[in-house]
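S.K.: So that we are looking at the same thing, I have put the structure below in structure tokens.
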Amino acid sequence: MRDTFQLFILAASLLVLVSCGSQKKITVNTKVVHDTVYITDVNPKYHFVTEASLPGYVISKQNFPSVASNYRVKFLVMHYTVSDYPTSVKILARKGQVSSHYLISDKPNDSIDILVSEDRRAWHAGVSYWKGAENLNDTSIGIEIVNPGYKKVNDSLVFTPFTEFQIRKVAALAKNIIDRYEIDPVNVIGHSDIAPLRKQDPGPAFPWKRLYTQYQIGAWYDDIDKYSFLSQYIPDTYPYNSPLEFQKALEKFGYKVELTGNWDKNTTLIIRAFQWHFRPEKADGVADAETWAILQALIKKYRSTK
């Protein structure tokens, strides 16, 4: 039986073999029924194996893969570039200060640029935090989208919409990444979610709700829960309740919040980042009743047992 097991693993290992310097990347697609290993059809959920190459030794896969493992990639972070495509390429791929794994251009074609291999750290998140995790470069994949960002008009920020073809590219790429790495819906986030005091991307023009409803990407609240919580408060009142309670709720959902008990500047910026993601039609940093209801609905759906 062991010989049969080794034979099938060897056959599976030879399905895809790409040399990369002194390392090999191998796609292994198998399923186990009782004690027999069967080679399965190629599917999105596969193992990328980076292994040592040792002269005179064989790296045996007879016990691969161990069940005591999980994916290093836990987060998918969305950005916009605040520049045109040539400038974005120069900044992300040539200058060496920042990068991302993927770049989606502003050209209506079928191309998506990969800038950093998924098994390497791209420098896209910077100082960041989400639900206890820091320095998200270590555990995330970053997608940059060519978009000029916003312009200041009086005291308002006016954000540039994303094109239809960009949205379709984001959806296809994000869905593929999420499925392969089994990323939790609440870990599909924007740069402003993980760094709300200093970042604005991808902004309120990013179609979070559409990605959720049309493509099952990311997190979104259920309307029935939102209206249930909203019915407990007078709409459009501010402050709806205590700032400390709101800060604790933001922290529970994932944001890094200092529990000051005051409606301070940092809390306002974090509320605005939350609204950019989940209530883009009113992103003013004001913790009114509807913003509170949406936050409670999200906690009920995704964080009630976590």
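The values are calculated or read from the model by the stated rules, or taken from the named source; none is laboratory data. The model shown is predicted, which means the values in this text are computed figures rather than measured ones. Neighbour counts are summed over all protein chains in view; Cβ atoms, including those assigned to glycine, are modelled from backbone coordinates with ideal geometry. Surface areas here come from the heavy atoms of the whole protein model, side chains and all, with no ligands, DNA or RNA. Shrake-Rupley method; radii C 1.70, N 1.55, O 1.52, S 1.80 Å.
S.K.: Restricting attention to region 198-265, which GluC sites (Glu not before Pro) occupy a DSSP loop and are surrounded by at most 15 other Cβ atoms within 10 Å?
M.R.: Taking region 198-265 and a limit of 15 other Cβ atoms within 10 Å, the loop GluC sites (Glu not before Pro) found are E258.
S.K.: Quick check for you: with a 1.4 Å probe and neighbouring chains kept, what is the accessible area per residue of region 117-217, in Å²?
M.R.: The answer is 46 Å² per residue.
S.K.: Separate question: Compare the Cα positions of P207, V127, V146 along the charge dipole of region 125-247 (+1 at Cβ of Lys, Arg; -1 at Cβ of Asp, Glu; about the Cα centre) and return the one farthest towards the positive end.
M.R.: Ranked along the dipole, the leading option is V146.
S.K.: Continuing with the same structure: Give me a comma-separated list of calculated 3J(HN,Hα) values for region 111-121, in order, Karplus coefficients 6.51, -1.76, 1.60 applied at θ = phi - 60°, integers in Hz, x for any Gly or Pro.
M.R.: For region 111-121, the Karplus curve yields 9, 10, 7, 9, 10, 9, 4, 4, 8, 10, 7 Hz.
S.K.: Sticking with the crude label model, points 7 Å out along Cα→Cβ, report the distance from K300 to E281 in nm, one decimal please.
M.R.: Here the modelled spin labels are 2.0 nm apart.
S.K.: Per residue of region 256-264, what does 6.51 cos²θ - 1.76 cosθ + 1.60 with θ = phi - 60° give for ³J(HN,Hα)? Whole Hz please, x for Gly and Pro, Karplus curve as stated.
M.R.: 8, 10, 7, 7, 7, x, 10, 7, 8
S.K.: Highest mean first, what order results for 144-151, 59-66 on Cβ atoms within 10 Å?
M.R.: 144-151, 59-66
S.K.: Give me the 1.4 Å probe accessible area per residue for region 242-292, excluding ligands and nucleic acids, in Å².
M.R.: For region 242-292, the per-residue accessible area is 39 Å².
S.K.: How far is it, in nm, from the label point at R72 to the one at I224 when both lie 7 Å from their Cα along the line to the Cβ?
M.R.: Calculated label separation equals 4.2 nm.
S.K.: Here is a follow-up. With the full set of protein chains in place, find how many percent of the accessible area of region 125-252 is carbon and sulfur; take the probe as 1.4 Å.
M.R.: Roughly 51 percent of what the probe reaches on region 125-252 is carbon or sulfur.
S.K.: Along region 170-183, what does the Karplus equation 6.51 cos²θ - 1.76 cosθ + 1.60 (θ = phi - 60°) give for ³J(HN,Hα), rounded to whole Hz, x for Gly and Pro?
M.R.: 4, 4, 5, 5, 4, 4, 5, 5, 4, 5, 5, 9, 6, 6
S.K.: Could you sort 179-188, 70-79 so that the peptide with the highest average Cβ count within 10 Å comes first and the rest follow in order?
M.R.: Packing order, densest peptide first, comes out as 70-79, 179-188.
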